[in-house]
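Just below is one structure, and these are the notes that go with it.
The values are calculated or read from the model by the stated rules, or taken from the named source; none is laboratory data. What you see is a predicted model, and the numbers here were worked out from it, not measured in a lab. As a convention, Cβ positions derive from the backbone with ideal geometry for all residues, glycine included, and neighbour counts pool all protein chains shown. Accessible surface is based on the protein model in full, side chains and every heavy atom, while ligands, DNA and RNA are left aside. Shrake-Rupley method; radii C 1.70, N 1.55, O 1.52, S 1.80 Å.
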Amino acid sequence: MRDTDKPIVDEEEVIEEPHIKGKILNIVLLILAFGLLCVYLFIGGEASELAEAVSDIRWTWLTLALFMVVLYWVLESVCIQIFANKMHPGFKFYKTNIVTVIGQYFNCVTPLSSGGQPFQAYYYRRFGMPYSKSIPMLLCRFISYQLSTTTFCAIVLLLRFTYFTDENPALMALVIVGFIGGLGLMTMLLLLAFWRSGTQHVVHVVLRLGAKIHLVKDLDGSLAWADKQISDAYNEIQFLLKEPKLLAKSSAVTFVQLAEYFSISYVIYRGFGYVDADFLSIVSCQAFVYMISSFVPTPGAVGAAESSYALFFSTIYPNAAVVALSTFIWRLLTFYFPIVMGMLLTLVVNHSKTLTRQ
């Protein structure tokens, strides 16, 4: 006989907010990075050149750049909603938008964007989508995003590799390293799709080797975690293979999203009143910055993103002061603005009982 005095607990009803490891350290690092960015702005060039650049700013273009950041979030929501409509029909698009902005915030404040998806799954559950639906949905989105970005970056490399190698061969070497990292991740996903047992065996060998050299402390726990991740990824890849239209739609929107996002730097360039540089070169510079910073293990790739942007765009802008101001504006729009907006939206959702019940 069941004890009626004890409540029946549904695992889906037990909602525990994920935790960010090293939260204080991450916050300190972000504050320090912003401080250094401000210092770089004021010592990056002659004060007179900086003052002239500020006075020449065309605010209509910068307003457009801000709008493009928001449009990037909307396009990200569209990509996720494509899978949501299939996996959890009836889920409202405005809820996806809210969770997307929150996800951008946690992507920015955690190393390698590792906090984005766990917190998105948590807030999707707050809005009524069970973990059994949100986690596979987010994994499908990750796969489609990785496929699209790898293809997009490969195209950019083919079109502009020789040109930028002549300008800065050492920097392009870092671009190649970043591209190989993304390509390697994509290769792993493909191997998992068609050679699951072999992939699992390789992961086990690596983990056991790590345990022998004391890099992996809990071997059994690590093996169990790896098997779970492999199983989940395999299931979603098989789902996508059976639903090629969903993958094609999401990938197509992602291509537009990437082109739009990488074009923000061109809009900033026009905001300074310049017109000489060609659009493809600036988009290529931004894509190369993305490739370099993608696998840097600091929140928001702080340090690597700013330095690589400044180095690449030093070939675009006429002097160091404008390069510094451009770097500051780009980082403010694409990194610190999402942090502020996502943090505010997180606070609103956390303190609003009616919003999550709608």
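None of GLY103, GLY35 is part of a helix (DSSP H, G or I), exposed (fewer than 15 other Cβ atoms within 10 Å of the Cβ) and modelled with pLDDT of 80 or more except GLY35. The single residue among VAL296, VAL348, VAL302 that is open to solvent by 40 Å² or more (accessible area, probe 1.4 Å) and among the hydrophobic types (A, V, I, L, M, F, W, C) turns out to be VAL348. Picking from residues in the range 306-345 that are part of a loop (DSSP other than H, G, I, E, B) and either in contact (Cβ under 8 Å) with a residue 12 or more places away in the chain or not small (Gly, Ala, Ser) (or both), the one that is least open to solvent (accessible area, probe 1.4 Å) is TYR317. Could you grab me the full set of residues in the range 286-295 that are among the aliphatic types (A, V, I, L, M) and touching a residue at least 40 places away in the same chain (Cβ under 8 Å)? ALA287, MET291, ILE292 - these are the residues of the range 286-295 that are among the aliphatic types (A, V, I, L, M) and touching a residue at least 40 places away in the same chain (Cβ under 8 Å). Tell me, which residue of the range 38-81 that is among the aromatic types (Phe, Trp, Tyr) and either under 20 Å from the mean Cα position of the chain (by Cα) or under 30 Å from GLN146 (Cβ atoms) (or both) is most open to solvent (accessible area, probe 1.4 Å)? Within the range 38-81, the match that is most open to solvent (accessible area, probe 1.4 Å) is PHE67. At least 2 residues being open to solvent by less than 30 Å² (accessible area, probe 1.4 Å) and within 30 Å of LEU345 (Cα to Cα) is the threshold, and among the helices (runs of 4 or more DSSP H) wholly inside the range 107-213 those reaching it are 116-126, 131-167.
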